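A short worksheet on the structure shown next.
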Amino acid sequence: MQKKHWQVDIYTTRKQEAPETMYGEALIILREQVFAWLKETRPTYLRSGNFECHKGSGGAWEKLQTKDDTRVYREFCDKRLDIYRGPDYEDAGVVNGLFQPACARKIEKQKDQYEINRMLRRGWHILTWEKLTMLYTPGGPLVKEEEIETTYFILGHSEEDAF
């Protein structure tokens, strides 16, 4: 029996009260399972988490600017699914409650707090952070330079297909 390490909720109509919940043992398996299901059921409305789109009256998908259903389903599965940890989730990279950086199969640098929180729900771990300071000079001779600080988080995941 397949373990439910990951899960995703998908709505395929606006008035749907309970989502279609799908599970997968690995992120790539779940994404491909959802893609196959979408190609089979051919919905004209999609929602997962905060992202939603629908097919307009002219046949084009709102927000994705195409009429190609298969292309929409692929992008939805590759970039838009709000996947989170399932009931059988076990992180292979965690030993004694701490993520082991040597177990990271994929590493990304991110500064957007919303995206960082989404990544943490999908099993990413913060490895470290770095603060960059840049000097900004606005136009005009009487305006002084100011420093702008940006914090980047370096995140790691134990699955190489993580997104």
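No lab work stands behind these numbers, since they all come straight from the coordinates. Model, not experiment: these values are computed from the prediction. We place every Cβ from the backbone using ideal geometry, glycine too, and count neighbours over all the protein chains shown.
Quick one: putting +1 on the C-beta of Lys and Arg, -1 on the C-beta of Asp and Glu, what dipole do you get for region 6-85 around its Cα centre, in Debye to the nearest 20? Spell out each step's value before the answer.
Details: 14 positive and 13 negative charges, 53 e Å.
In debye, rounded to 20, region 6-85 gives about 260.
Using +1 at the Cβ of each Lys and Arg and -1 at the Cβ of each Asp and Glu in the chain, identify which of A102, A26, A60 lies farthest towards the dipole's positive end.
Sorting the options by dipole projection puts first A60.
When ranked by the protection proxy of mean other Cβ atoms within 10 Å per residue, highest first, what sequence do the peptides 152-161, 98-107 form?
Numbers: 152-161: 18.5, 98-107: 14.1.
For the peptides 152-161, 98-107, the packing ranking is 152-161, 98-107.
Can you give me the relative contact order of region 6-85 as a percent, contacts being Cα pairs under 8 Å and 6 or more apart? Can you show the working numbers first?
Values: 106 pairs, mean separation 26.8, N = 80.
Over region 6-85, the number comes to 33 percent.
Can you tally the lysine pairs in region 6-85 where the Cα-Cα distance is under 15 Å and the two residues are eight or more apart, or on different chains? Kindly include the intermediate steps, with their values, before the conclusion.
Numbers: K39/K55; K39/K67; K55/K63; K55/K67; K63/K79.
Counting lysine pairs in region 6-85 gives 5.
Which entry in [x] 231; [y] 170; [z] 115 is this structure's computed volume of the Cα convex hull per residue in Å³?
[y]
So how far apart, in nm, are the two label points at Q65 and E115 if each is 7 Å from Cα heading toward Cβ?
Going from the Q65 label point to the E115 one covers 1.8 nm.
With just the Cα atoms defining each centre, how far is region 75-130 from region 1-37? Give it in Å.
Taking the Cα centre of region 1-37 as reference, the centre of region 75-130 is 18 Å away.
Using the per-residue mean of other Cβ atoms lying within 10 Å as a proxy for protection, in what order, highest first, do the peptides 34-47, 54-67 fall?
Details: 34-47: 15.9, 54-67: 12.6.
For the peptides 34-47, 54-67, the packing ranking is 34-47, 54-67.
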